[in-house]
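Asker: Sharing a structure here in structure tokens format.
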Amino acid sequence: MDTYQATVTSNIAFLKYWGKDSLEHQWPSGNSLSMTLSKACSVTKAAVIEGESDHITFAASSGLKKSASEDHKITAHLDRVRKELRVPHRFKIETHNTFPSSCGIASSASGFGALTLACVAASLQCDSLDLICSKGYARERLAHLARMGSGSASRSFFGGYVSWYRGQTPDKQSIKQEFTSEHMNLADLIVVLSSENKSVSSTQAHAAAPTSQLYAPRIAGLTERHKLMLEAIKTRDFSALGRLIEVDALEMHAVIMTSNPPINYWHEKTSSLVAWLRQMRQTGHFEAYATIDAGPNVHVICRPEDMNKIKQQISEHFSVETFIEDRVGAGPQIKRLGTLET
Ligand code: PMV
């Protein structure tokens, strides 16, 4: 049997998924919307093997973490993939990331996305998404499967700008591409201030969200903000979109910080960078907007032509571990690697 390699890029949420109405169904409390990236990715190889157990090798930087709780999540996810495909076999898996994991660069999105896709490709022996689709597994079906491992992974199955709709009931959830990557060319300058693993997992923090007094008002406004964001992307109105992106990130972190017990993903440098960025915008130096996932690192959303200048200025003012210069991407890829030793 051949080995298949899935490359799945991460995505940065413009409208954040934060809080779940059902853990069992991985049912989010609201819609979310993201931009699929083109560089920050997980690369996962999978082959079908004989035997009783799966064999997984994690590279030092992997979108899937090596820890007891994560091991359990991964094993449960492989069982889910087997159930969905109705296959009994085990997998040999190798996975690595092109960026640091567990520090708010959505590594679980690309990690679970690539794990799902590689195992499906290896099971069906298919080297393209079209071929997989012709066997009854369209992208959206794969996205739903990956969503059960990590919610944000669902949006990485499409390129460009992607929505995950909550739906009226758990079975009415949907995931769809709203605009292709060509429609609007945006950049994401990821400013890695710290690549230390976060102290509270997003699973724990999602569960604490409803304890914040700010949670209900946030949920109440999400559908309208989603609509406004889609309109801004449609009309390529970067200023309108940027303002909404930044407000949504600040609002999500306000919920996180006011949960009980309170959680704080920000470092001192996170606040300084956000304040500085806003000042740069107000004083007309450049136009860029901050968004932050469950970690201390800042994603600076900007026009591609401004990225170098912004990077230069950030390096002059802050001590940065590393920058990742990314932009909107076209979505996942699969490759057949031939027969490797299994
Ligand atoms: O997919 P999870 O369970 O790791 O949740 C991550 C949620 C955020 O990245 C903070 C926001 C999002 O919509 O991606």
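Rule-based calculations on the coordinates, nothing more; no lab input. Only a predicted model underlies this, so the values are computations on that prediction, with no experimental measurement involved.
Asker: Among MET280, MET307, MET148, determine the one that fluctuates most according to a GNM of the chain built with springs between C-alpha atoms less than 10 Å apart.
Answerer: MET280
Asker: Hey, in the GNM for the chain with a 10 angstrom Cα cutoff, which one of PRO100, PRO88, PRO304 fluctuates hardest?
Answerer: In this elastic network of the chain, the residue with the biggest mean-square fluctuation among PRO100, PRO88, PRO304 is PRO88.
Asker: Also, I was wondering about something else. Counting pairs of alpha carbon atoms under 8 Å apart in space and at least six apart in sequence, what relative contact order in percent does region 106-226 give?
Answerer: On the way: 106 pairs, mean separation 20.8, N = 121.
Contact order relative to length: 17 percent.
Asker: Can I ask one more? How many angstrom lie between the Cα centre of region 167-201 and the Cα centre of region 1-46?
Answerer: Distance between centres, Cα-based: 7 Å.
Asker: Continuing with this model, one more query. Return a whole-number percent for the relative contact order of the chain, with Cα pairs under 8 Å and 6 or more residues apart as the contact set.
Answerer: 27
Asker: Further question: Apply the a/c threshold of 1.5 to the C-alpha gyration tensor of region 176-256 and tell me whether it is rounded, prolate or oblate. Before the final figure, lay out each step's value.
Answerer: On the way: a/c = 2.31, a/b = 1.37, b/c = 1.69.
Oblate shape, in that a/c is at least 1.5 and b/c is the bigger or equal ratio.
Asker: What does the helix-only formula give at 222 nm for the chain: each DSSP H stretch with n ≥ 4 adding -39500 (n - 2.57), the total divided by the residues, and the result rounded to the nearest 500 deg cm²/dmol?
Answerer: Numbers: 9 runs with 124 residues, N = 342.
About -11500 deg cm²/dmol.
Asker: Another question about this same structure. Pairs of Cα atoms under 8 Å, at least six residues apart: use those to get the relative contact order of region 256-342, whole percent. Walk me through the numbers on the way to the answer.
Answerer: Working: 51 pairs, mean separation 16.5, N = 87.
Computed value for region 256-342: 19 percent relative contact order.
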